[in-house]
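Novice: The structure is given below, and queries will be raised subsequently.
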Amino acid sequence: MASVDTPAVAELTYEEYQQRQVREVTEEQLRFRAGQLRQADHFAYADDQWHRLPYEGYAVVSMVDTNPGNDAVSTRLLAMQEQLAANFDRPDAFFSLPADSFHQTVANTLSADRYHTHVVAPGLTADYPALVRGAFAQLPPAIDAAPIRMRLIGLSLFSSAVGMLGTFDDNADFWRILHFRERFYAHEPLRALTVRRTRPFIGHITLAYFGSLLSEAEKTGLVGTCAAVNEALAREPLFFTITTTELRSYQHLAHFETRPDYPVYSFIKS
């Protein structure tokens, strides 16, 4: 069990964050990341179908389809999935996530073994949403009238997935998310369950996972498609509007469930 005194990972500054995101969508960095790709752990192709492997937990997320003004975002992300999938002529290579799973993680909480150790085993499963609601309740009310706008700047390759990265034209929007995270992770009842900021905030929406190792030809095609999409985004900007963030649970990473007792936090004043 992790110590309650485990130090939190530092957030990036606004300048560091912007530079990091822009670098990750360059063709040079895409080629580098393509050389590091591995098979996804959370999805597997067998018996002519995809299987969603168990991975339980909770996260505080902003869903694309429940935040107003994002219809064009979902439409264009789905079109990008189709462009990416066209690089593969075998079904086991590329698993496209459903559109209703598209989201920005605002704060990770507990998942997999840590979720079972600190929530399920002590019998706190029914109480956990209320603990997160308590963390939301101690946050100061929002003072901004406008939602957060994250500019979607391009596709990036992760260890076993591909996703869309985001930057912030207004550094105040970036800090609104970081201030939420700072106060959320400081909530003592959650800290007692070892909920920690284990990584800095990175704006991204995951689109797909790789179900097997890719050939060099597939990597080359993948990088080319990502670069073409990124060039198009530079000509025709796309923004993800974030009004709320909320607790969601998951049994696997293709579906994020909400329930009436799950709390929601608004980034704009009522």
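The values are calculated or read from the model by the stated rules, or taken from the named source; none is laboratory data. All values reported here derive from a predicted model rather than from experimental measurement. Backbone-built Cβ (ideal geometry, glycine too); neighbour counts: all protein chains shown. Quick note on the areas: whole protein, heavy atoms, side chains included, nothing else; ligands and nucleic acids left out. Shrake-Rupley method; radii C 1.70, N 1.55, O 1.52, S 1.80 Å.
Novice: If amide hydrogens are placed 1.01 Å from N in the peptide plane, which non-local residues have theirs closer than 5 Å to the one on SER212?
Specialist: ALA40
Novice: Related question: Within the stretch 29-266, what whole-number % of the accessible surface is contributed by carbon and sulfur, with the 1.4 Å probe and all protein chains included in the calculation? Each step should come with its number before you reach the end.
Specialist: Details: 5400 of 10270 Å².
About 53 percent, which is the carbon plus sulfur part of the accessible surface.
Novice: Hey, quick one: spin label on GLU257, modelled 7 Å out along Cα-Cβ, who in the stretch 52-68 has an amide N within reach, i.e. under 17 Å?
Specialist: 52-61, by backbone N distance to the label point.
Novice: May I pose another question? Taking the Cβ of ALA146 as the center, what net charge do the other residues with Cβ under 15 Å away carry, scoring Lys and Arg +1 and Asp and Glu -1?
Specialist: Residues near ALA146 contribute 0 overall.
Novice: A further question follows. Report the dimensions of the chain along its three principal axes from the alpha-carbon atoms, largest first, rounded to Å.
Specialist: Computed over the Cα atoms, the extents are 50, 43, 33 Å.
Novice: Which whole-Hz ³J(HN,Hα) couplings does the stretch 234-247 yield from phi under the Karplus relation 6.51 cos²θ - 1.76 cosθ + 1.60, θ = phi - 60°, glycine and proline marked x?
Specialist: Running phi through 6.51 cos²θ - 1.76 cosθ + 1.60 with θ = phi - 60° gives 5, 8, 10, x, 9, 10, 9, 8, 10, 9, 9, 9, 8, 7 Hz.
Novice: Just name one of ALA79, THR66, ALA99: the one whose Cα is farthest towards the positive end of the charge dipole of the stretch 47-129 (beta-carbon charges, Lys/Arg +1, Asp/Glu -1).
Specialist: So the residue we want is THR66.
Novice: Now for a separate question. So how tilted is helix 128-137 from the main axis of the chain? Cα-based, degrees 0 to 90, rounded to 10.
Specialist: In the chain, helix 128-137 runs at an angle near 80 degrees to the longest axis.
Novice: Per DSSP helix of 4 or more residues, -39500 (n - 2.57); summed, then divided by the residues of the chain. What does that give at 222 nm, rounded to the nearest 500? Let's see the in-between values first.
Specialist: Values: 8 runs with 87 residues, N = 270.
Per the formula, -9500 deg cm²/dmol.
Novice: Provide the per residue accessible area, probe 1.4 Å, for the chain, rounded to a whole number of square angstrom. Show your work: numbers first, answer last.
Specialist: Values: 12530 Å² over 270 residues.
Per residue, the chain has an accessible area of 46 Å².
Novice: Beyond 18 Å, what percent of the Cα pairs of the stretch 1-149 remain? The partial results should precede the final answer.
Specialist: Details: 8405 of 11026 pairs.
Of all Cα-Cα distances in the stretch 1-149, 76 percent exceed 18 Å.
Novice: Which residues does the label zone of TYR55 cover in the stretch 182-218, counting backbone N under 16 Å from a point 7 Å along Cα→Cβ?
Specialist: Hits in the stretch 182-218 for TYR55 at 16 Å: 199, 204-213.
Novice: How many nm is it between the label spots at ALA146 and THR66, if each spot is 7 Å from the Cα in line with the beta carbon?
Specialist: Taking the two extended label points, one gets 2.6 nm.
Novice: Compute the FRET efficiency between ARG199 and ASN171 as 1/(1 + (r/R0)^6), taking r as their Cβ-Cβ distance and R0 = 25 Å, and round to the nearest 0.05. Working shown, then result.
Specialist: Values: r = 20 Å, r/R0 = 0.81.
The value I calculate is 0.80.
Novice: Which chymotrypsin sites (Phe, Trp or Tyr not before Pro) in the stretch 56-111 pass both tests, a DSSP loop state and at most 10 other beta-carbon atoms within 10 Å?
Specialist: Numbers: sites: TYR58, PHE88, PHE94, PHE95, PHE102; in loops: PHE88, PHE102.
Counting only loop positions with at most 10 other Cβ atoms within 10 Å, none of the chymotrypsin sites (Phe, Trp or Tyr not before Pro) in the stretch 56-111 qualifies.
Novice: Order the peptides 75-87, 243-255 from the highest to the lowest mean number of other Cβ atoms within 10 Å of their residues. Each step should come with its number before you reach the end.
Specialist: On the way: 75-87: 15.8, 243-255: 19.6.
Taking the mean over residues of other Cβ atoms within 10 Å, the ranking is 243-255, 75-87.
Novice: Under unit Cβ charges (Lys, Arg +1; Asp, Glu -1), what dipole magnitude, rounded to 20 debye, does the stretch 94-207 have relative to its Cα centre? Before the final figure, lay out the partial values.
Specialist: Working: 11 positive and 9 negative charges, 45 e Å.
Computed about the Cα centre, the dipole is about 220 debye.
Novice: At 0.36 nm per residue, and after removing the present C-alpha to C-alpha distance, how many nm does the segment from THR75 to VAL22 gain when stretched out fully?
Specialist: On the way: separation 53, 0.36 × 53 = 19.08 nm, distance 2.30 nm.
Using 0.36 nm per residue and subtracting the Cα-Cα distance, I get 16.8 nm.
Novice: Output ³J(HN,Hα) for the stretch 105-110: one whole-Hz value per residue in order, computed from phi by the Karplus curve 6.51 cos²θ - 1.76 cosθ + 1.60 with θ = phi - 60°, and x for Gly and Pro.
Specialist: Residue by residue, the stretch 105-110 yields 6, 8, 8, 6, 10, 10 Hz.
Novice: For the stretch 199-215, in order, what is each residue's ³J(HN,Hα) by Karplus, 6.51 cos²θ - 1.76 cosθ + 1.60 with θ = phi - 60°, in whole Hz (x at glycine and Pro)?
Specialist: Values per residue, Gly and Pro as x: 7, x, 5, 10, x, 6, 10, 6, 10, 6, 10, 9, x, 7, 5, 9, 6 Hz.
Novice: Show the residues, 5+ positions off or on another chain, whose built amide H is closer than 5 Å to the amide H of TYR45.
Specialist: Close amide H contacts, sequence-distant or interchain: HIS51.
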